[in-house]
Amino acid sequence: MTQQVLVTGGTGRLGRVLVPKLLDVGYNVRVLSRMQQGPAGHRWVIGDLMTGGVSDAVEDIDIIIHLATTQSRQDIKATENLIAAARTAGNPHLIYLSIVGIDDAMLSYYQTKLACEQRIETSDLPWTILRATQFHDLIYEICHAQRRLPVLFMPSKVAFQPIDVSEVADRLCALVSEPAAGRVPDMGGPLVQEGKELAKTYLRATGSRRSIWPLALPRKIIGDFRQGSNLAPDRAVGQVTFEQFLRRRQDQEDNA
């Protein structure tokens, strides 16, 4: 029998890449969304992890891939609601995507991700947690948001190891076919690079000659990043570099 997979956050950056991959492999996919949107091929369940509709979403589900996030403390309650509904529905395998280096995080969002992990680990459900480094898209957005400024600001003394969203989606697809495994090995991008170097790559790709100015953020905000907690150099399993990501993005825009 074909396994039934529920994806929360299926319309987000990762979800939009993951859902087609799951369908291609042959899974029956259900997406929980506040409103139906996007292409056909899978079942949409209208609902909200905070306000309702979760019970219908988890009915007869074998595997849940939990990607939904509000980037706020509400994610903890949303995760608790999802776990409660899953317990009532049966014993689905709960797969959660988290972030590398959140154990002693200073950023509130990362602390929230850790709290969600802890709820899942004590849920009595079979679970798998995959941590990944930041997506290429995050670095792009940091740079692109400043496209009209005369200079480009990047956090000083901070390195990143960005990974391509499609590679994380591939790993999640593989985890769906495997039994629950607890914390699985982290995923990191192919290169560890200073923020300034990534900014230079962005400027070259966009044909800009602007200067890059270091931004000294307070230690209480980014001190753990300066210590390299967001990196996984021993798990540099990604293949797509930030430069390749930018080139592919430009090709897509040119062909749109």
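Could you give every pair whose Cβ atoms fall below 6 Å, whose first residue belongs to the stretch 55-67 and is closer than 23 Å to LEU97 by Cβ, and whose second residue is aromatic (Phe, Trp, Tyr), counting only separations of at least 6 or pairs across chains?
Partner pairs satisfying both residue conditions: HIS66/TYR96.
Name the single residue, out of those in the stretch 158-181 being out of contact with any Pro (no Cβ under 8 Å at 6 or more places or on another chain) and in a loop (DSSP other than H, G, I, E, B), that is surrounded by the most Cβ atoms within 10 Å (Cβ to Cβ).
Only one residue fits best here, namely PRO162.
Restricting the stretch 113-148 to residues that are touching a residue at least 12 places away in the same chain (Cβ under 8 Å) and basic (Lys, Arg), which is most open to solvent (accessible area, probe 1.4 Å)?
Per the criteria, the residue is ARG147.
Which count do you get for residues in the stretch 225-238 that are under 20 Å from the mean Cα position of the chain (by Cα), surrounded by 15 or more Cβ atoms within 10 Å (Cβ to Cβ), not in a loop (DSSP other than H, G, I, E, B) and not aromatic (Phe, Trp, Tyr)?
2
Tell me, please, whether a residue that is part of a helix (DSSP H, G or I) and more than 20 Å from SER166 (Cα to Cα) can be found in the stretch 14-35.
No, the stretch 14-35 has no match at all.
Taking the residues in the stretch 67-79 that are out of contact with any helix residue (DSSP H, G or I) (no Cβ under 6 Å at 6 or more places or on another chain) and either of a type outside the set (D, E, K, R) or closer than 19 Å to CYS173 by Cα (or both) as candidates, determine which candidate is least open to solvent (accessible area, probe 1.4 Å).
Top of the filtered list is ALA78.
In this structure, does ARG119 turn out to be over 24 Å from GLN193 (Cα atoms), over 21 Å from the mean Cα position of the chain (by Cα), in a helix (DSSP H, G or I) and not aromatic (Phe, Trp, Tyr)?
no
Looking only at the stretch 182-224, count every residue that is touching a Ser or Thr at 6+ places or on another chain (Cβ under 6 Å), open to solvent by less than 50 Å² (accessible area, probe 1.4 Å) and part of a strand (DSSP E or B) and tell me the total.
1
For VAL151, are the conditions met, namely being buried (at least 17 other Cβ atoms within 10 Å of the Cβ) and among the aliphatic types (A, V, I, L, M)?
no
Quick check on LEU82: is it farther than 27 Å from PHE160 by Cβ, in a strand (DSSP E or B) and open to solvent by less than 20 Å² (accessible area, probe 1.4 Å)?
Judged against the criteria, LEU82 is not a match.
Of the residues in the stretch 85-107, how many are open to solvent by 10 Å² or more (accessible area, probe 1.4 Å) and hydrophobic (A, V, I, L, M, F, W, C)?
Within the stretch 85-107, residues that are open to solvent by 10 Å² or more (accessible area, probe 1.4 Å) and hydrophobic (A, V, I, L, M, F, W, C) number 7.
Does GLU243 count as over 25 Å from ILE65 (Cα atoms) and in contact with a strand residue (DSSP E or B) (Cβ under 9 Å, 6 or more places away or on another chain)?
So GLU243 fails the test.
So, TYR110, is that one among the hydroxyl-bearing types (Ser, Thr, Tyr), closer than 29 Å to THR133 by Cα and open to solvent by 10 Å² or more (accessible area, probe 1.4 Å) or not?
Yes, satisfied.
Considering each residue of the stretch 123-157, count those that are assigned to a strand (DSSP E or B) and farther than 27 Å from THR79 by Cα, and give that number.
Residues in the stretch 123-157 being assigned to a strand (DSSP E or B) and farther than 27 Å from THR79 by Cα: 5 in total.
The values are calculated or read from the model by the stated rules, or taken from the named source; none is laboratory data. This one's a predicted model, so the numbers in the text were calculated from it and none came from an experiment. Note that each Cβ is placed from the backbone with ideal geometry, even for glycine, and that neighbours are counted across all protein chains shown. Note: areas computed on protein heavy atoms with side chains; ligands, DNA, RNA excluded. Shrake-Rupley method; radii C 1.70, N 1.55, O 1.52, S 1.80 Å.
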